[in-house]
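Here's the structure, in structure tokens; my notes come after.
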Amino acid sequence: MSHSESVAMTPPKRFLIAASGTGGHLFPALAVAERLEAAQFQLEWLGVSNRLETQLVPQKYPLRTVPIEGLQTRIGPKTPILLGKLAVAVWQTRQLLKRGHFQGVLTTGGYIAAPAILAAWSLGLPRVIHESNAIPGKVTRWLSSICTGVGLGLEDATSYLPKAKTVVVGTPVRPAFLAPCELDLPIPKEALLMVVAGGSQGAVSVNKLVRACAPAWLETGAWIVHLTGTQDPDAQSFQHPQYLSMPFYDNMAGLLQRANLAISRAGAGTLSELAIAATPALLIPYPYAAEDHQAFNAAAFVKAGAAQMYRQDELTAEQLQQMVLQWLQNPQLLEEMAAKALSLAVPNSTERFAQLILEQIAATP
């Protein structure tokens, strides 16, 4: 048999990626998917029918959906319904894995991870999870011990998963962040630039604070790019030539690379992008994040000297205004923070996580 015939007879490596919900789950999964595709993997996606993946995934990978909702920690009236949905989702995922002859499952956590991990475990397939937060989510804590590999974004998470086979790999960022990007906005090269971003959900309360402070910041000559999200009814209520307000902006890599300072939530994906773009930040953790995990993420950046953190319910417009004015009037301090942010980056995180997946496949008989 010739070499080309043996290659042709080798079945393709097929992996199911389970990632759903927010950019924090989806962007790392998309980044590693691109790397696996380059290694000749065939990929399909597992998600939920009403989440962000329905907009980001179908143009790249076949998307399959299962009916699943967040699992509650406490037992309540909805518990039997949620467990019933989980059982159906596990069965459907198991059928998908068998029909599609998949070699394994990769997930970035969240409730979609539960049916993916349980179905792959029941079939004896490799199951790899990535946890980007300093405090692992519920599903990661419950099921990581039956995963064949666990990639962590932050060292702090290790202590919460004593029975899991963990490797700190960093959190993969979108490929655009790994090379210099031009910014196609009319901002002078020498101007100090602030970026305000509330994550993929937007942040209306932060938006209000920023608009109250913006006139004082703009007086210093700074420019502001304010990404308001789509839920803010007052998004266009403040106007100024150096203040650019928009719901979203596609070129986040170019924007954060150019920015001298960001005001931001503290989702793990956002922090990874701030680090690799060397952007100092004032972090306002989302107060309703599960188990307050954004505050723990932010604490790692504060400890490194790359950011300051304020609790949303304790932050006044006056405090915010004064803190940012101090930074704008002391660019040297911002440069020092930028260097500390960059020291937290893991530029080869995607390769490291992809390698973990390849090792799991190689170790499977």
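The values are calculated or read from the model by the stated rules, or taken from the named source; none is laboratory data. Worth saying up front: this structure is predicted, and the values here are computed from it rather than measured. No Cβ is skipped: glycine too gets one built from the backbone with ideal geometry, and neighbour counts run over all protein chains shown.
Computed quantities for the displayed model
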{"quantity": "Count of the stretch 225-248 residues which are without any contact (Cβ under 8 Å) to a residue 24 or more places away in the chain and surrounded by 21 or more Cβ atoms within 10 Å (Cβ to Cβ)", "calculated": "1"}
{"quantity": "Of the criteria (1) farther than 25 Å from L152 by Cβ; (2) at pLDDT below 95, which one L255 fails", "calculated": "(2)"}
{"quantity": "Residue check, E131 touching a strand residue (DSSP E or B) at 6+ places or on another chain (Cβ under 8 Å) and surrounded by 21 or more Cβ atoms within 10 Å (Cβ to Cβ)", "calculated": "yes"}
{"quantity": "Unmet criterion (only one of (1) more than 19 Å from the chain's Cα centre (by Cα); (2) closer than 20 Å to A290 by Cβ; (3) among the basic types (K, R)) for R127", "calculated": "(2)"}
{"quantity": "In the stretch 255-307, the residues that are of a type in the set (S, T, Y) and in contact with a strand residue (DSSP E or B) (Cβ under 9 Å, 6 or more places away or on another chain)", "calculated": "S264, T270, T279"}
{"quantity": "Helices (runs of 4 or more DSSP H) (entirely within the stretch 296-365) containing at least 3 residues that are over 27 Å from V204 (Cβ atoms) and among the hydrophobic types (A, V, I, L, M, F, W, C)", "calculated": "331-343, 349-362"}
{"quantity": "Given (1) in contact with a helix residue (DSSP H, G or I) (Cβ under 9 Å, 6 or more places away or on another chain); (2) within 23 Å of E190 (Cβ to Cβ); (3) touching a residue at least 60 places away in the same chain (Cβ under 8 Å), index of the condition R258 fails", "calculated": "(1)"}
{"quantity": "The stretch 333-365, residues that are more than 19 Å from the chain's Cα centre (by Cα) and over 27 Å from G149 (Cα atoms)", "calculated": "L333, L334, E335, E336, M337, A338, A339, K340"}
{"quantity": "Among the candidates A222, A203, residue that is in contact (Cβ under 8 Å) with a residue 40 or more places away in the chain and either under 20 Å from the mean Cα position of the chain (by Cα) or on the phi > 0 side of the Ramachandran plot (or both)", "calculated": "A203"}
{"quantity": "Some residue of the stretch 154-162 being without any contact (Cβ under 8 Å) to a residue 12 or more places away in the chain and β-branched (V, I, T)", "calculated": "yes"}
{"quantity": "Members of the stretch 295-332 found to be surrounded by 14 or more Cβ atoms within 10 Å (Cβ to Cβ), more than 17 Å from the chain's Cα centre (by Cα) and without any contact (Cβ under 8 Å) to a residue 60 or more places away in the chain, listed by number", "calculated": "V302, A304, G305, A306, A307, Q308, M309, Y310, M323"}
{"quantity": "Qualifying residues in the stretch 153-167 (those that are of a type in the set (A, V, I, L, M) and within 16 Å of the chain's Cα centre (by Cα)) - the one modelled with the highest pLDDT", "calculated": "A157"}
